[in-house]
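The values are calculated or read from the model by the stated rules, or taken from the named source; none is laboratory data. Keep in mind it's a predicted model, so treat the numbers as computed, not measured. Positions of Cβ are backbone-derived with ideal geometry, glycine not excepted, and every protein chain shown enters the neighbour counts.
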Amino acid sequence: MAAEIRLFPCLTDNFGYLIHDVATGATASIDAPEAGPILAALEREGWKLTDILVTHHHHDHVGGISELKQKYGARVVAPHDKSAKIANVDLRVSEGDTVKVGNLAARVLETPGHTLDHTSYVFDSEQALFAADTLFSIGCGRVFEGNYPMMWDSLLKLRALPGDFRLYCGHEYTAANVKFALTVEPDNAALQARATEVTRLRAAGQPTIPVKLSDEKQANVFLRADVASVAAAVGLAGKGAAEVFGELRERKNKS
Ligand code: ZN
Ligand code: FE
């Protein structure tokens, strides 16, 4: 592998991520929930921040940008939607663009729904998907600015990535997501296996991330809205996937 990836907690339940290109020394932070833990991780590794790849405008993803930019002069890469106010942006990206972090290439996928500007970054060479608040392990983001069909399309886009890619998401929400998913699919063996693993990891004080996409495709009920048994489980047998997805999201909101 040409890259090293570090993850660490930020704020209450956000993840901070650094991806480092060994060949050139370039290092990107995926979002910047707060500066402190990101600066500490950079110092620990002896890495210099060159880029910040922003996924969306929510404060818990951009709050640390100005301090990091001040210290390192890092380039700030953000979604093209300028109505979502993100300060200090150097480069705007949209679907199909490629962003270089040293020699590493990140593919830009627009994944709206949680917010309209939400963007995910895929490093194909590292088999790594940074999906922030679109796709969580065994869950997905709340649909604040978009609508259910839009969010479902975004999830389909991420589900289409290869199974051996790893998901790096924005929050440590997995335990609560598992609890909800089991109310819909109590007999899903992949979900039961993930539940056991999550209990073990959390008891050991370990993050539940990263996780293989192949496991998420089997265990994450929000990626399974087009499975007949899931539609039936929420009383929507025969209905379209976007509608089933919307019902799942509504139930999760109330859970
Ligand atoms: Zn968010
Ligand atoms: Fe968030």
_Criterion first (within 16 Å of ligand 2 (Cβ to nearest atom) and surrounded by 15 or more Cβ atoms within 10 Å (Cβ to Cβ)) does residue 31 satisfy it?_
yes
*Is it true that some residue in the stretch 29-44 is basic (Lys, Arg) and either part of a helix (DSSP H, G or I) or touching a residue at least 60 places away in the same chain (Cβ under 8 Å) (or both)?*
yes
_Within the stretch 51-82, considering residues that are among the polar types (S, T, N, Q) and more than 16 Å from ligand 1 (Cβ to nearest atom), the one surrounded by the most Cβ atoms within 10 Å (Cβ to Cβ)_ = 66
*Among the candidates 83, 66, single out the residue that is without any contact (Cβ under 8 Å) to a residue 40 or more places away in the chain and in a helix (DSSP H, G or I).*
66
*Are any residues in the stretch 115-139 under 24 Å from residue 185 (Cβ atoms) and under 11 Å from the mean Cα position of the chain (by Cα), and if so, which ones?*
129, 131, 133, 134, 135, 136, 137, 139
*asked:* Test of understanding: among 122, 178, which residue is closer than 23 Å to residue 231 by Cα and away from ligand 1 (no atom under 16 Å from the Cβ)?
replied: 178
*asked:* Can you go through 18, 104 and tell me which one is more than 14 Å from ligand 1 (Cβ to nearest atom), crowded, with 22+ Cβ neighbours inside 10 Å, closer than 20 Å to residue 165 by Cβ and modelled with pLDDT of 95 or more?
replied: 104
*When you go through (1) of a type in the set (D, E, K, R); (2) within 20 Å of residue 113 (Cβ to Cβ); (3) over 19 Å from the mean Cα position of the chain (by Cα) one by one for residue 179, which number turns out not to apply?*
(2)
